[in-house]
Amino acid sequence: MTDRHDAQAEHDAEGQAQFDALIDADSRIEPRDWMPAAYRKTLLRQISQHAHSEIIGMQPEANWITRAPSLKRKSILIAKVQDEAGHGLYLYSAAETLGQSRHEMMDDLLAGKAKYSSIFNYPARTWADMGAIGWLVDGAAICNQVPLCRASYGPYGRAMVRICKEESFHQRQGFEILLELANGTPEQRQMAQDAVNRWYAPALMMFGPPDDESPNSQQSMAWKIKRFSNDELRQRFLGMMVEQVTVLGLELPDKDIRFNEETGKWEHGPLDWAEFWRVIGGSGPCNAQRMERRRDAHAEGAWVREAAAAYAAKQAARAAEKEKAA
Ligand code: 3HC
């Protein structure tokens, strides 16, 4: 018993030393490498939440596919929503390499045990919201996710490279929708401004709570999963938006935005963090609707999963027969 314990302790100490060396060298941890249980747990938490966000995030925009104002806009929006589904699938695959099945992750989401991004619990009221979501929400996503391409866990970082390329197209299509509306009739311009007004604060809150209220940041940064803190990324995003909004000829709904010469950072006005925690806790404007639609879609897709499983079983049985005969 003691021998086995000693051997395990020695194995863990060796594994920890190798893990620490890889992190120090800014190298990558791969699925078969030894890793601390807490590192695995943190990754599973973050990657599965991220995957759920991509899947739930399809809903506000999918609602507008049938109402897009032209064939061109409709095809672009369909492509974007399909991309989000693809992002979810890459991320579920990356999370599966850590030892949890997609089935279990989905069960946690459907049971309301797993989080997904706060931003997707807000309604998309007008066509201009497709512009504001693309520009602000996908813009915030890029800002947060480009550093994740260098995340210390290999499968996560590699999935993020492709995702970020697609997010850039998403942001540009949103910007272009807003640009066209901003240069349209006074009503269209107002519609664009209203959408920016509604999505601005929730987009800033996507980066997570302020650093002094973020329980996970410090450890995640030490493990080089996160490369920057929530506030650092929020400030960087704000600086980008301040420049881009001038091209749109619109305004950000925040009279307190300023560049602090001393710190070299952009600052914004107060955000309603009580609202953020309410939304995360399930009481946002659309939480119930988003979850109901997700559960319905899962139930309606049962026949596809059953057919795929039956086909895979048939293929496996045939392969086994062939092997036996050979
Ligand atoms: N929405 C919901 N929950 C959030 C949140 C948000 N915007 N921000 C933070 N939280 C949660 C955290 O998950 C954590 O909860 P938990 O401990 O129960 O898991 C808690 O609030 C405290 O926050 P921390 O700052 O300590 O948490 P993290 O260190 O994990 O940082 C994060 C939060 C910055 C969102 C980080 O997890 C991250 O970078 N995740 C990857 C990116 C991601 O998931 N983006 C979601 C949007 S997807 C998207 O944008 C799709 C695109 O197509 C638009």
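The sole residue among GLU14, GLU10, GLU61 that is touching a Leu at 6+ places or on another chain (Cβ under 8 Å) and assigned to a helix (DSSP H, G or I) is GLU61. Within the stretch 124-166, the only residue that satisfies the criterion of being in a helix (DSSP H, G or I), under 23 Å from LYS74 (Cα atoms) and among the aromatic types (Phe, Trp, Tyr) is TRP135.
For beta carbons closer than 6 Å, sequence separation of 6+ or different chains, a first residue in the stretch 36-65 that is over 30 Å from ASP12 (Cβ atoms) and without any contact (Cβ under 8 Å) to a residue 60 or more places away in the chain and a second that is open to solvent by 30 Å² or more (accessible area, probe 1.4 Å) and not in a helix (DSSP H, G or I), there are no qualifying pairs. Given the criteria within 30 Å of MET240 (Cα to Cα) and touching a Gly at 6+ places or on another chain (Cβ under 7 Å), does TRP273 qualify? Taking the combined requirement at face value, the residue does not satisfy it. Residues that are over 19 Å from the mean Cα position of the chain (by Cα) and over 27 Å from GLU30 (Cβ atoms) were ranked within the stretch 216-240; the one that is nearest to the ligand (Cβ to nearest atom) is MET240. Looking at the stretch 202-281, the helices (runs of 4 or more DSSP H) lying wholly inside it that each contain 1 or more residues that are farther than 24 Å from ALA124 by Cα sit at 217-222, 230-248. As a summary of the residue check, VAL161 satisfies the conditions (1) open to solvent by 10 Å² or more (accessible area, probe 1.4 Å); (2) within 14 Å of the ligand (Cβ to nearest atom); (3) under 22 Å from MET58 (Cβ atoms) except for the one numbered (2).
For the stretch 40-88, a residue qualifies if it is near the ligand (Cβ under 8 Å from one of its atoms) and among the polar types (S, T, N, Q), and the qualifying residues are THR42, GLN46, GLN49, SER53. Applying the condition of being among the aliphatic types (A, V, I, L, M) and within 11 Å of the ligand (Cβ to nearest atom) to the stretch 180-215 and asking which residue is most open to solvent (accessible area, probe 1.4 Å) yields MET206.
Would you mind stating whether SER117 is within 19 Å of PHE237 (Cβ to Cβ) and either among the acidic types (Asp, Glu) or modelled with pLDDT of 95 or more (or both)? Spelling it out, SER117 is indeed within 19 Å of PHE237 (Cβ to Cβ) and either among the acidic types (Asp, Glu) or modelled with pLDDT of 95 or more (or both).
Whether any residue in the stretch 241-249 is crowded, with 21+ Cβ neighbours inside 10 Å and either within 19 Å of the chain's Cα centre (by Cα) or within 12 Å of the ligand (Cβ to nearest atom) (or both) is what I want to check. No, because not a single residue in the stretch 241-249 is crowded, with 21+ Cβ neighbours inside 10 Å and either within 19 Å of the chain's Cα centre (by Cα) or within 12 Å of the ligand (Cβ to nearest atom) (or both). Taken together, the residues in the stretch 140-150 that are within 9 Å of the ligand (Cβ to nearest atom) and more than 11 Å from the chain's Cα centre (by Cα) amount to 1.
The values are calculated or read from the model by the stated rules, or taken from the named source; none is laboratory data. What you see is a predicted model; the values in this text were computed from it and never measured. No Cβ is skipped: glycine too gets one built from the backbone with ideal geometry, and neighbour counts run over all protein chains shown. We work out accessible area using only protein heavy atoms, side chains counted, and drop any ligands, DNA or RNA first. Shrake-Rupley method; radii C 1.70, N 1.55, O 1.52, S 1.80 Å.
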